[in-house]
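Before any comments, here is the structure.
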Amino acid sequence: MRVAAGAAVVAAVMLPALPAAADDSPDERPDVPVGTWLAARTQPAVQLTSFTYTATVSVPSNTINEVAYNQIVQEAVTAVQSGKISSDERSIGKWVFQQIAANVDTYVSSTTPMRTVEAEVGGMCTGWWVTPDGYMVTGAHCVQIGETELSQLFAQQALAKFNKKDAKEIISGLGDLRNDEEIVKLAQQIYVTFNSTHMQLSNLKQSLSVMQSLPGGGVDKTAKAVPAELVSVGESYPGKDFALLKVNGQQNLPTVPLGDDADVRTGDTLYISGFPGLVTNTPFFSLESKLEPALTEGPYNAKRTTQTGVPYIQTQAPSYHGNSGGPVFSKDGKVIGMLIAGTVSEGGEASESESFVLPVGIIKEKLGEKNVKPAQAVTTTRYNEALNDYFRRYYSAALPKFREVQALFPNHPYVAKYISESQQAISAGKDETPKPILMWVLIGGGVLLLLVLAAVLVKVLRGRRTRPPAIISPQPGYGAVQPPPWQQLPAGQAQLSPPVQPAHGAYGHSGSDGYGSDGSGPGGYGAGGYAAGPYGSAPEAQFQQPPHPQQGGDQTRAVRYGQFAPPSDPRSGQVADLERQIADLQRRLGDQPPNS
């Protein structure tokens, strides 16, 4: 068991640190910028929405009121005579058109026939999926328009050609003045006012739609307008500017999670996602570009409350026309509000420092009124997991998850791009996906098993090599064992003692543990006492019988401090010396402690 425990420790040291497995937590952000991570996660749920009104627009024909017109001409002559206006023809004509434009109905009268045209007006906003089965949140002013504003839109859209035609007729008799730019604008303004005032709408119809890509994925020109149903609508800004849409026949839609009002406070960074009109209404950009939402960010400036008690968040995150209805996120990727309004300059340009966000608490309140519960499908969970793997360069781990998303929701606008990029990264050798934990466990188990087997084998071999050498007990008459150091006699009292001749390879060549300093004395069990082997010893070493005293040989031996004589009881001294030598040998071989 000690061997197995030791091997386990060695295996723990030798095994490489296990790399982090592919991330299974969709809410854990990889080491990428917040905006990059957040945009990738939320873009699939953010959609371009549109509202459309169609109607038959009718305006009457018109004629100049001769009596009123002659009167204004006479007033012009009087003004010239009094010096109020110059006497040149252009100055007189300009003055006359200014007076008519200031009071159109006095100088222009309705007549027949009625002129009609089929017209369509509308606008684009931003919405976002809140449930996998097709519920979408957007702003109230993104789905309905007041009567006054609607009339103005139809007048601008449908009456332009009528206005130009009528202005051309009224200046036709002015000679060269009919080409004067200022006179033409004044004449057109007269009929813009007259026609929009007398315009009538009939067969008015409204429709709502969401721009959605076709099966196969990809934000491209295959996108089409999918009809949406208006479920509920609140009051436009500065009220609770909220609307709920439903697109039928949907499943596995990507969604974004809702946070809480307490998730953010003054100073936090907010992120707005949406479709700015400066892009969607510009002909220079491709449709693919127009259908990808833009992400802006800025600090939470302050919490505001309208006079009717509706809370709003003021932020410096830039927003533009078309961003209305778009979700606003915290750094954790949760919706904390919806972009509703922004201040504009006198020229109609948006002010980037003043955007207003309806808090998520109001959104939850309105969803609860319709018993709509925000939720996420497997589509969103897998997509977020795949994105985390993708951003960590775990392309092999991300690829099957992206493919699962594509199978769950073929209309997904971005997953096809990530599948292609993951495949290219794998082919280019950029994949850093860690090996599965099971593989590392098997490798570790294999290494541990090998170490255990090696340790057992070493134990067996060591047991064989550390058996004590066979010793031939010397006969009492030989005196073959030298006396120990403490039996040294004073100089002059040395007795004869026959020397011990070491057997070759058994005791040889120790100058450190023998008695002589010149290496000529007998060796002990110290260093070099045995022939070199794997552990510094020679197994099965045999003693060589010393020569019998009667067979001759020098029986005296000179030593530095005198001569030695065997103890009075030769056998007891030999046994003690042998036991000491055996114990010393065992310690050096590391087999068992001396008292075992």
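The values are calculated or read from the model by the stated rules, or taken from the named source; none is laboratory data. Source: prediction; values computed, not measured. With ideal geometry, Cβ positions are generated from the backbone for all residues, glycine too; neighbour counts draw on all protein chains shown. Each accessible area value is taken on the protein alone, full model and side chains, heavy atoms only, with ligands, DNA and RNA left out. Shrake-Rupley method; radii C 1.70, N 1.55, O 1.52, S 1.80 Å.
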**OP:** Whole number please: convex hull volume per residue, Cα atoms of segment 276-321, in Å³.
**Re:** 90 Å³
**OP:** Please express the Cα-Cα pair-distance distribution P(r) of segment 157-278 as a list of whole percents, one per 10 Å bin, running from 0 to the bin with the greatest distance.
**Re:** 9, 20, 22, 20, 17, 10, 3, 0
Original post:
How do Tyr320, Tyr312 stack up against each other in accessible area, from largest to smallest, with a 1.4 angstrom probe?
Top reply: Tyr320, Tyr312
Subject >> Most to least packed among 161-167, 325-331 [average Cβ atoms within 10 Å] >> reply: 325-331, 161-167
**OP:** Would you tell me the accessible area of Val372, worked out with a 1.4 angstrom probe on the heavy atoms of the protein chains, in Å² to the nearest 10?
**Re:** 10 Å²
Subject >> Percent accessible area from carbon and sulfur atoms, segment 25-108, protein chains only, probe 1.4 Å >> reply: 46 percent
Original post:
Where does each of Arg29, Arg382 land when they are ordered by accessible area, with a 1.4 Å probe and the largest first?
Top reply: Arg29, Arg382
**OP:** Just read off the accessible area of Thr380 with the full protein assembly in place, 1.4 Å probe, to the nearest 10 Å².
**Re:** 10 Å²
**OP:** Give the shape of segment 228-371 as rounded, prolate or oblate, defined through the alpha-carbon gyration tensor: a ≥ b ≥ c are the square roots of its eigenvalues, a/c under 1.5 means rounded, and otherwise the shape is prolate if a/b is larger than b/c and oblate if not.
**Re:** rounded
**OP:** From zero up to wherever the largest Cα-Cα distance of segment 68-136 sits, split into 5 Å bins and tell me the percent of pairs in each.
**Re:** 3, 12, 15, 11, 8, 7, 6, 7, 6, 6, 5, 4, 4, 4, 2, 0
**OP:** Over segment 224-318, with every protein chain in place, what whole percent of the accessible area is carbon and sulfur at 1.4 Å, could you tell me?
**Re:** 48 percent
**OP:** Could you tell me the distance between the Cα centroids of segment 148-212 and segment 276-339, to the nearest Å?
**Re:** 33 Å
